[in-house]
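These notes concern the structure reproduced below.
The values are calculated or read from the model by the stated rules, or taken from the named source; none is laboratory data. Keep in mind that what you see is a predicted model, and the values were worked out from it rather than measured. When we count neighbours, we look across all protein chains shown, and the Cβ atoms used for this are built from the backbone with ideal geometry, even at glycine. Accessible surface is based on the protein model in full, side chains and every heavy atom, while ligands, DNA and RNA are left aside. Shrake-Rupley method; radii C 1.70, N 1.55, O 1.52, S 1.80 Å.
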Amino acid sequence: MPEGDTIYRAARALQRAIGGKVVTGFETGLAKLARVNDDRPLVGRVVEKVESRGKWCLIYFSGDLILVTHMLMSGSWHLYRVGERWRMGRDKMRVVIRTADWEAVGFNIPVAEFHTERSLARNSQVPKLGPDILSDEFTVEGGVAGLAAYGRENPDAEIAVVLLNQQVMAGLGNVYKSEVAFAAGVNPFRAMRTITAREMELMVDFAQRYMRANVADGVGEGIATYSGNRRTTRAMDREERLWVYGRQGEECRQCGARVMMRKQGVQARSTYWCPECQPWMGDGPAPVGRSVVVRARRFER
Ligand SMILES: [Zn+2]
């Protein structure tokens, strides 16, 4: 699953390349999109803006037409100079948006549909997202208010699961979930009712910092491929900077205790934490995870 910051960067790259440009060509292998294009041709419209909402990418065309995509596990957007050879087979192409200079090609995109502003507002498939951590309007106070409100409704929900809930705050993925909880010293399995306002504030603040720093890392990369794989975090220097994620069985960078890993929530996502730096608070015994030294890569991306 691409992290929200990956989608954000993809949207930003698309915005830079084709934002404000006139569409000179449109192709699609998806019948539903082709029908809309027959009735309301894309060619001649201006790409007004490209934005990310959590893990969704929205491309706005003039004349109230919005292409909404979700990459799930498989999809990716590539940008090519017109005439440049694609790095994926044509059979995997789902959407091409061409301008005078660029081709934005969506490969293997499983979820793609056209909307108007109105149908998008009504649509239930595109979730009503919480505030996007990377948007300019996002504030720590607003993020804390959202977390607190969710906690009142769901007092037994585990904090790390809530951090991943895109309806509470949009953008945080599985890596930063663990990192943010560590940075705030919060055990990821604690119930919402045990989380203090100060802890929420710390977590939201770290979430915003980490996401922004990650986006800033992409500056200078220019136009690149943003795929469903989180290839950016595979960089060695990046690995060095992670506190706990992927470090099961290794020593905590802060206290030397063994970092633990345990699958969490209905989606059974891997959660990493330090049992010393992130003490357990709540009913019952502290959750225990694996702490055997293993190659984390074999477990989960
Ligand atoms: Zn520690």
- Message: I'd like to know if segment 120-142 contains one or more residues that are open to solvent by less than 60 Å² (accessible area, probe 1.4 Å), more than 23 Å from R193 (Cα to Cα) and part of a helix (DSSP H, G or I).
- Response: yes
- Query: Given (1) open to solvent by 30 Å² or more (accessible area, probe 1.4 Å); (2) closer than 28 Å to F26 by Cβ, where does I97 come up short, assuming only one miss?
  - Reply: (1)
- Query: Taking the stated definitions as given, is V186 β-branched (V, I, T), within 16 Å of the ligand (Cβ to nearest atom), modelled with pLDDT of 85 or more and closer than 28 Å to P285 by Cβ?
  - Reply: yes
- Message: Among the numbered criteria (1) at pLDDT 95 or above; (2) part of a loop (DSSP other than H, G, I, E, B); (3) away from the ligand (no atom under 14 Å from the Cβ), which one does V266 miss?
- Response: (1)
